[in-house]
Every structure is written in structure tokens, then in C-alpha cells.
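To start, the structure itself, in C-alpha cells.
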Amino acid sequence: DGRTEAVAVCLLDTGVNRAHPLLAPVFDAADLHSVHPDWGTDDHHGHGSEMSGLAIYGDLTTRLSSTDPIRIGFAAESVKLLPPDGFPETQPQSYGLVTQQAVFRPEIARPDRERVFCMAVTQRDVHGPKATSWSATLDALAFGGDDPAELRQRLICVSAGNLPDGLPHDALEDWDDYEIEDPAHAWNILSVGGYTQKGPITDMGFEHWNCAAELGTLSPYSRVSASWYRGVAPIKPELLLEAGNKGIDSADSSMVSGIDSLSLLTTSREPLVRPLTLSWATSAATAQLAGMAAEILADDPALWPETVRALLTHSARWTPPMEAALLGTGQKSERLLMLRRFGYGIPSAERALRSASNSLALVAQQEIQPFLRDRKGTRLNQAHFFALPWPTQTLLALGEQEVRLRVSLSYFVEPNPSADAP
């Protein structure tokens, strides 16, 4: 209802089963692709269909309990990025190339369409701020090419990666040891972590179990970048969405994943047998963010990918527990560590799309070359000045009232994986 074909959320995953009654209205058969033609486009695993439902509808736990009509403002595309059983696994040195092919497939098929890419796939046990061939490829894809006159920027959402299953609850005391996984450290993408509002446990027989994380705090699935030296890496993850919670086994204090009341509800790949299934972790958070980004882009397809990224981060807010932790310390270094755990906070599509009644937003999309290098060295070149779109008399009437100004600058850097950050 209200869907535009001009904008799509594109899932790079295990394929999708568009026979699902909740997915069929959003996925056209022509919008199902595969990196390798022999792989087919069906969902051989289930992950792709789960991500599709979360990107389109969000957590069905809340959707199904509401009587409000559901309006989807964008189309959906799927590219099978991972090989099914019976085919050789893609080698790590080829991850970047395969991802590039996956991005190009829908663009060649529908060059007229704007899209947001969702990739909830990471390389386990490869982490740290140093560029890899995979992260460098994503940075180059987001930046848009080598010719500045013909750049095609892309908004790519990537999951931050998850903590291993079966860890004892006290492992969270060393949370900073669990670093964001490759390629979610790429500079130009949106890296997505998780927080949780799920709890307490209501599953029969497990009511006496405690939750691993308090409500409004970092999800016990989500990885962080607090151990990274801030001079060589940006804040990661930038944004958090609901990723579910874990239960604590009362017998051995280990953390248990996939508990019904602590997980999200989404579409399955087997609609006839089990139409709905559970999902959790940063994959679920990434799919939700990609859908939110597509919703913003569908509202105005003329927005640049950098602008959509700016609107999302600008709309983000910390939960009360996060804000309390930030304000609880006066040391800047400690606050920076916290930012590397929960980023800029939880985004809101409503705030991103429309200014709140007591807020005013100015969105500017312009090109600028702030510095110029010549024989004399590097010097200042250009600057932009903006007049706030607020009547002067109204501003003067505020008098001594305190006003907060939030500024978000979003741009893609030209990839140079061999160089350290300034």
C-alpha cells in the first residue's frame, strides 16, 4: 500500500522465499538475483527471509498487536550472496569481489532505482580497525567510484557482529574485548549494533531466569570498538536497534540465546509449515535500520546516501541508562569509550522524517572543497554559510532561554586502505 518502485531495500544474504504471503507483495520476481546463476534465488538457509521481514515490517511482535494499517513505501530486492549446500564456500580473499558483484546485479537490472543495501554478514574472528580487502571494497562502493564526475554513492548497512554463544554472564565485564567484525569497520558504511528493550522472561518454565542485560542498555549480542585507538578508527557502531536479550541459565550462569520473549518475530522461509520465526542479534538490528533508511529515502528519493545517513544519526538518541552512564563521568576519555560501545544511540524514522513540534531542521546537500593544495602548501579554499530558517523576531523573543543546536556533517571519504587516519 503506497509502495513506490523508485526506492528499494536490497538484501545481500541467503536469498528469499517470495512465496511468503507477507513478502510476495513487496518482492517482484524480477528483483530476485544471485551472484552465481547456479545458486538460484531461493532462500536455502532462512536468514534472508528473516531479514526481509524485519527490513519491511520491523519486529512483528509489535506489528501484529496493532490494528493500524501497514503501509510499505518502498520495494524490496534480494541478492543471494552466500552459496547453498553443495557449492564451494567463497574464499575470504574473494569476499570483496563477490560483494561488489552482488551490488552491481540489481543496479544493472534497475538502474533507475535508488536503493539501500543491507548486509548482515561478517567474517568471524577477523576484527580490528585496520582495513581489509572486504572493508576497502565496501568503502569504495559507498564512495561511488574513481571518477569524481561520475560517482554513484551508495548507502550500505552492515552488522557489527555478535558475541559468541554460550559465554558466561561475567564475560560481559570484559565486553570491550569483543571487537566489531570485518567488514563493519569500513568508514563509509553504517555499522549497526544492538540494544534491547526485551524483558523480563515470560516463557513457561524460565520465568525464574534473569535477563543478561538491563532494559535500555547494549544488547548482549552486540560487539563494540572501545579497544580501538581513536586516531585510526571512526566511532563504531554508529547506531543501535533492537537486537534482543539473552537469558542467564540459573544452573551455570551461562547466557542463552533465542528465548521467545527476548527475541524478535519475523517471516520464515517455510510459510506453510511455520510462517513466523524468531530472530535476534545484530543481523536483526541491521535489517531494521535498512528498512528505516529506505523509508526515509522513499519519502524523498532525491536525498543523497550521505544525507540519509546524516538524518538517521541526527535522529538518534541515547536511552536514559546510556545517558546516565555518559553523564556519570566527567572524563572525556571515558565518554569516548562509551560512544564506541553504543554510538550515537537509537535512531527514529519519525524524527528523521519530520521535525518535532519544538524542533527545526535544516537539511543542506551541497558540494564543497574546503582545502586546496598548491605550490605554497595546503590552504583553506571554500566555506558554506547557512541562515537558520527561523524568523529573526522569533529568535530574539527567546531572550535568555537556552537552545540546543545539533549539527550533523555526513560525507564519504575517498578510500585509501594503506593510510592511517589523521
Furthest towards positive pole of dipole, S257, Y229, A29, structure part the chain, Cβ charges: Y229
The extension gain from I368 to S66, computed as 0.36 nm times the residue separation minus the Cα-Cα distance, is 104.1 nm
At q = 0.22 Å⁻¹, what log₁₀ I(q)/I(0) does a Debye calculation on the Cα points of the range 216-308 give, no solvent, two decimals? -1.13
Accessible area (Å², 1.4 Å probe, nearest 10) - D177: 110
Checked the range 63-206 against the a/c 1.5 cut and the a/b vs b/c comparison, axes a ≥ b ≥ c from its Cα gyration tensor; verdict oblate
Taking 0.36 nm per intervening residue step and subtracting the Cα-Cα distance, what contour gain separates D300 from E5 on full extension? 104.9 nm
If you scale each eigenvalue of the Cα gyration tensor by 5 and take the root, what three semi-axes come out for the range 274-333, rounded to whole angstrom and sorted largest first? 28, 22, 9
Approximate spin-label separation A387-S348, in nm, with each point projected 7 Å along Cα-to-Cβ: 3.0
With unit charges on the beta carbons (Lys and Arg positive, Asp and Glu negative) and the dipole taken about the Cα centre of the chain, which residue among C157, A136, A310 sits farthest to the positive side? A310
Over its alpha-carbon atoms, the range 15-105 yields an Rg and a Dmax in Å of 14.8, 48
In this structure, the FRET efficiency calculated for R274 and D38 from their beta-carbon separation, with R0 = 25 Å, to the nearest 0.05, is 0.35
Where nothing but the Cβ of Lys and Arg (+1) and of Asp and Glu (-1) is charged, how large is the charge dipole of the chain around its Cα centre, in debye to the nearest 20? 1260
Find how much the distance from R379 to D174 grows on full extension, using 0.36 nm per residue of separation minus their present alpha carbon separation; answer in nm with one decimal. 69.3 nm
Would you mind checking the pairs K198/K236; K80/K246; K80/K332 and listing those with alpha carbons more than 32 angstrom apart? K80/K332
Is the range 317-417 rounded, prolate or oblate when judged by the Cα gyration tensor, a ≥ b ≥ c being the square roots of its eigenvalues, rounded requiring a/c under 1.5 and prolate requiring a/b larger than b/c? oblate
Give me the compactness ratio for the chain, meaning the Cα radius of gyration over 2.2 N^0.38 Å. 1.00
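The values are calculated or read from the model by the stated rules, or taken from the named source; none is laboratory data. All values reported here derive from a predicted model rather than from experimental measurement. All Cβ positions, glycine included, derive from the backbone under ideal geometry; neighbour counts span all protein chains shown. Side chains included, ligands, DNA and RNA excluded: accessible areas come from the protein's heavy atoms. Shrake-Rupley method; radii C 1.70, N 1.55, O 1.52, S 1.80 Å.
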